[in-house]
Amino acid sequence: MTVTSLVTGGSGFIGSHLCEYLLGKGENVIAVDNLGSGRLENIGGVMGNDRFRFIRHDIREPLQIDGKIDFVYNLASRASPVDFFTQAEEILMTNSLGTYNMIQLALEKKARFLEASTSESYGDPTISPQPETYWGNVNPIGPRGCYDEAKRFSEALTMAFVRYHGLDGRIIRIFNTYGPRMRPDDGRVVPNFTMQALAGEPMTVYGEGSQTRSFCYVSDLVRGIYLAMNRDVRGEVINLGNPTEMTVLEFAKKIKAITGSSSEIVFRPLPENDPMQRRPDIGKAKRLLGWEPEVGLDEGLQLTIEWFRQSLNCPKPA
Ligand code: NAD
Ligand code: UDP
């Protein structure tokens, strides 16, 4: 019988790629999204597929749905630091009450459950790379607290239901992921630098740009998410990300070079509590899932920049 997967956040950046991937595996896919930061055009390519269904719904409300569901992928949540200032309460409630509602749905349907958590669970880490055993360094009352603590709560909630209510749940901690369909005005570093470089505007490096990040291409991530759901890893938390680490300043220079832009690099104040280093330890993902990223940064950025260029109708530099 055909597998049916439900993907919350299914019209968002990662969620829409996951829906396509699952359809490609022959599954029936139900995307659930409130279209807060997601866009219908992200799923435009699969809307006509008779194995795909879109439900506009806010997961802060319980979801009643007929028919069998085998897998619940819980990806719904705004994730951009820009949204932390205006949507803090929505983020907190989506990852707490929303996650609770989706766990209830999974239990009712006897479905497997996957919670999409984040490297932000580690906050501003004091060790690097970050293994899953690290408990993190998070300021709960700082401007990022609404996201970091919401995700940490979602992890605790998932584990409580795994331990005491028989949930077949697993948690992934996603590290910075990029690719086509990121919102141009999302405020995260990849769309910011790319849009600025393509427009020939100043590229805004925050602080001195000495903070580090490790960027994973979306197709690698989606393959990892699929494996985490389809392997027997009940109760496990697994990092998914690309361990290639670089400073934000190096990253700006790389995007400037790939786009062939003449933009100048300018420095702006570092946001409060901005993590100074981030790099996943993916030993556990390799061991339990046989997963590691395959797309290098240059290749992934070329694909991403080309997508931005085309969707914005930007000419290539001469
Ligand atoms: P996104 O904003 O593109 O996608 C999130 C989707 O969730 C959007 O379509 C949005 O409309 C939907 N959503 C938000 N709140 C909702 C609610 N209450 N009810 C229903 N739908 C709701 O962001 P993304 O980058 O694709 O992130 C997807 C998931 O991955 C999020 O849970 C995020 O925290 C996690 N994550 C992403 C990254 C990354 O680098 N992109 C890193 C770590 C974790
Ligand atoms: N950043 C930057 N300029 C920008 C946007 C972001 O220098 O225009 C930095 C930001 O301060 C952080 C890193 O890039 O150190 C990654 O930011 P992003 O918002 O993409 O994700 P985060 O890892 O902070 O959640």
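Taken together, the values in this text are just the output of simple stated rules run on the coordinates, not laboratory data. Quick caveat, the model's predicted, so the values are computed rather than measured. Note that each Cβ is placed from the backbone with ideal geometry, even for glycine, and that neighbours are counted across all protein chains shown.
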Lysines with Cα under 22 Å of Lys254, excluding same-chain neighbours fewer than 8 positions away: Lys316
The range 245-306: C-alpha pair distances exceeding 20 Å, %: 49 percent
Cβ crowding within 10 Å averaged over residues, with 63-69, 172-178, 35-41 ranked highest first: 172-178, 35-41, 63-69
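Here are some pairs, Lys151/Lys284; Lys109/Lys284; Lys25/Lys286; which of them have Cα atoms lying more than 24 Å apart in this structure? Mind dumping the intermediate values first?
On the way: Lys151/Lys284 20 Å; Lys109/Lys284 29 Å; Lys25/Lys286 22 Å.
Exceeds cut-off: Lys109/Lys284.
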Highest to lowest packing among 245-251, 266-272, scored as the average C-beta count within 10 Å: 245-251, 266-272
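Take the alpha carbon gyration tensor of the range 154-194, find the square roots of its eigenvalues, order them as a ≥ b ≥ c, and report rounded if a/c is under 1.5; if not, report prolate when a/b exceeds b/c, else oblate.
Since a/c reaches 1.5 and a/b is larger than b/c, the shape of the range 154-194 is classed as prolate.
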Phi to ³J(HN,Hα) by Karplus 6.51 cos²θ - 1.76 cosθ + 1.60 over the range 258-263, Hz, x for Gly, Pro: 5, 7, x, 7, 9, 4
Neighbour-count order for Asp50, Asp58, fewest beta carbons within 10 angstrom listed first: Asp50, Asp58
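Under a Cβ-Cβ cut-off of 14 Å, what is the net charge of the residues other than Arg223 that fall near it, where Lys and Arg count +1 and Asp and Glu count -1? Don't skip to the answer; put the middle values down first.
Details: positive: Lys25, Arg231, Lys286; negative: Glu20, Asp220, Glu292, Glu294.
Once positives and negatives cancel, what remains is -1.
Packing-wise, with mean Cβ within 10 Å as the measure, how do 137-144, 111-118 rank, highest first?
Numbers: 137-144: 15.1, 111-118: 25.0.
So the order, starting with the most tightly packed, is 111-118, 137-144.
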For the range 46-67 versus the range 260-284, the gap between their alpha-carbon centres in whole angstrom: 36 Å
Cα-based helix-to-principal-axis angle, 145-165 vs the chain, degrees rounded to 10: 30 degrees
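Evaluate the relative contact order of the range 194-318 (contact order divided by residue number), counting alpha-carbon pairs under 8 angstrom at least 6 apart; express in whole percent.
The normalised contact order for the range 194-318 reaches 41 percent.
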Antiparallel bridge percentage (DSSP; both residues within the chain; nearest 5): 10 percent
For the range 165-235 and the range 75-133, distance of Cα centres in Å: 14 Å
Bins of 10 Å from zero: percent of alpha-carbon pairs in the range 8-73: 22, 58, 20
At 0.890 mPa s and 25 °C, Stokes D of the chain from Kirkwood alpha-carbon radius, µm² per second: 124 µm²/s
Rg to Rh quotient for the range 61-180, alpha carbon positions, Kirkwood Rh: 0.98
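Below 8 Å, C-alpha to C-alpha, sequence gap of six or more: please give me the relative contact order for the chain in percent. Display every interim value, and only then the final one.
Working: 649 pairs, mean separation 54.3, N = 318.
Rounded, it is 17 percent for the chain.
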With Cα atoms, 0 to 90° folded angle of helix 297-311 axis to the chain main axis: 90 degrees
Helix axis angle, 13-24 relative to the chain longest principal axis, alpha carbon, degrees: 50 degrees
